[in-house]
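J.: One structure is given below, represented as structure tokens, and several questions about it will come after.
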Amino acid sequence: MSVWSYDRVFTRDFKDFDLPGFSAPNPAKIEVAIKQLEPLREGDRTLKRVKGWVRLVIWDNLVTDCRTPHVNVDSDLIPLLKANVQGFGSGPHPDYSAYVVDYDTELVKFRKGSEPWLGPINVPTELLSLYQQRETTIRQRFRRLFER
């Protein structure tokens, strides 16, 4: 069993790439894995109080055999899901980026720049119960703060 609550590997050829003014990226094998942030050591009490999400992306270019891994961390799952999975172009700021816009069907779309995806993105089925449980806990904590 994976230590990641969501872990998918899929291949795309990007033949349906439709971003005007840019060339389609090479075919790629993409791994996206997401889990809740957790301490490495049992005795790390400070980190136990931190709540967050971690997303690992490994983008394997199937033409050049170039592997590009990166990790994103966020205290909120939705912004994490909206972050790009791979940027393209030279320099520190990508010309365009790839986004997983449907994690259940592994749908990848592209847009200019590297800002978070603007449209809605649903929480993947594998993470839905964890996400709802966490959101309920947060709401309960806020309620207790304001009841004082």
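Where a number appears in this text, it was derived from the coordinates with a stated rule and is not lab data. Everything quoted here is computed from the prediction, not taken from an experiment. No Cβ is skipped: glycine too gets one built from the backbone with ideal geometry, and neighbour counts run over all protein chains shown.
J.: How long is the gain from Lys29 to Arg41 if the chain were fully straight, where each residue apart is worth 0.36 nm and the alpha carbon distance is subtracted?
T.: Numbers: separation 12, 0.36 × 12 = 4.32 nm, distance 3.22 nm.
Computed gain between Lys29 and Arg41 is 1.1 nm.
J.: Here's something else I'd like to know. Under a 5 Å amide H to amide H cut-off, with H placed in plane at 1.01 Å, what residues pair with Gly52 once short-range neighbours are removed?
T.: Hits under the 5 Å cutoff: Leu37.
J.: Can I ask one more? Tally Lys and Arg at +1 and Asp and Glu at -1 over the other residues with C-beta under 14 Å from the C-beta of Glu31: what net charge comes out? Walk me through the numbers on the way to the answer.
T.: Working: positive: Arg8, Arg12, Lys29, Lys35, Arg55, Arg67; negative: Asp7, Asp60, Glu106.
Net local charge, Glu31 excluded: +3.
J.: Also: What pairs from Lys82/Lys109; Lys35/Lys109; Lys29/Lys51; Lys51/Lys82; Lys15/Lys109 go past 21 Å between their alpha carbons?
T.: Numbers: Lys82/Lys109 11 Å; Lys35/Lys109 23 Å; Lys29/Lys51 30 Å; Lys51/Lys82 18 Å; Lys15/Lys109 12 Å.
Pairs exceeding 21 Å: Lys35/Lys109; Lys29/Lys51.
J.: Here is a further query. Determine how many Å³ per residue the convex hull of the Cα atoms of region 46-124 encloses. Show your work: numbers first, answer last.
T.: Working: hull volume 9.5 nm³, N = 79.
Once divided by residue count, the hull of region 46-124 is 121 Å³.
J.: Taking only the alpha carbons of region 1-136, what extent do you get along each of the three principal axes, in Å, biggest first?
T.: For region 1-136, the Cα extents along the three principal axes come out at 50, 30, 30 Å.
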